[in-house]
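First up is the structure itself, then whatever we jot down about it.
The values are calculated or read from the model by the stated rules, or taken from the named source; none is laboratory data. Predicted model, so just to flag it, every value in this text is computed and none were measured. A quick note on method: Cβ atoms are made from the backbone with ideal geometry, for glycine too, and the neighbour counts reach across all protein chains shown.
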């Protein structure tokens, strides 16, 4: 399989922030992984540049760990979705060790900027693709002329986002801001303490209709395991397999761009430049234009 890899640094308003995306490939064992770690508003609002942020270390740790434990997974004579989930659980534990090395403390509501990441990993064995992780990095397996996506996902993070929108409309986000941070976080960033201190890795966070609104993130906390998703798909010849960070979501949702990419993809410098130009034109004037973008692709 010929592997295509694309990465674009954050631009515009997000320029000069640290890199948050990481990825790793073990082509001989068909292991692929993409991770994305945020730069928290807490750091942007309360600290001077350069930011004391360990997001990339978390993303890179996740990727290195996934390859390491993925190689062990391949030794299992009868791999399944549960044993694949164990790979992701081990990756979460590695992030926990990173946080301990950094002296980060869990449940610190005033300094919740842990080394954290989300990520998606895949391993192919005997034509079966095992995949899973935590949002919002994703996998698409596109099949046939209609390019129908075969990959399943619960999209839990969308429920968390809608809950934040609800609290914002009710003007209740400020209730989640610790008194020590009053006046230090911008009004527009008041969502983040709720997002991290209440919703992150909380499987007991429900809305008024008893819908789960917590979300999962690799931090090393055991509660993250509840949100880890793992699946498997029997691949067919000519399936298009794409792993990507959230910056690529609106790009790949564009049918014209997707068809152009699949028809013309190349690892040449010229194609990468052309791809960047097309992405910039597609997202011109939109907030997504400033996001970091990572894509791994191959055709089975």
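Assorted remarks:
- Contact map, the stretch 90-112: residues that are in contact (Cβ under 8 Å) with a residue 40 or more places away in the chain paired with residues that are surrounded by fewer than 18 Cβ atoms within 10 Å (Cβ to Cβ) and not in a loop (DSSP other than H, G, I, E, B), Cβ distance under 6 Å, separation 6+ or inter-chain. Pairs shown: 109/197; 110/180; 112/197.
- 1 or more residues surrounded by fewer than 16 Cβ atoms within 10 Å (Cβ to Cβ), out of contact with any strand residue (DSSP E or B) (no Cβ under 8 Å at 6 or more places or on another chain) and modelled with pLDDT under 95: qualifying strands (runs of 3 or more DSSP E) within the stretch 1-42: none
- Under the condition of being touching a helix residue (DSSP H, G or I) at 6+ places or on another chain (Cβ under 9 Å) and in a loop (DSSP other than H, G, I, E, B), the residues counted in the stretch 172-203 number 11.
- Cβ-Cβ contacts under 7 Å between residues 6 or more apart (or on different chains), taken from a first residue in the stretch 265-277 that is free of Cβ contacts under 8 Å to residues at least 40 places away in the same chain to a second residue that is exposed (fewer than 14 other Cβ atoms within 10 Å of the Cβ), are listed as 271/264.
- Some residue of the stretch 216-224 being out of contact with any helix residue (DSSP H, G or I) (no Cβ under 9 Å at 6 or more places or on another chain), surrounded by 14 or more Cβ atoms within 10 Å (Cβ to Cβ) and closer than 27 Å to residue 176 by Cα: yes
- Flag not set for residue 287, criterion: over 22 Å from residue 17 (Cβ atoms) and loosely packed, with under 14 Cβ neighbours inside 10 Å.
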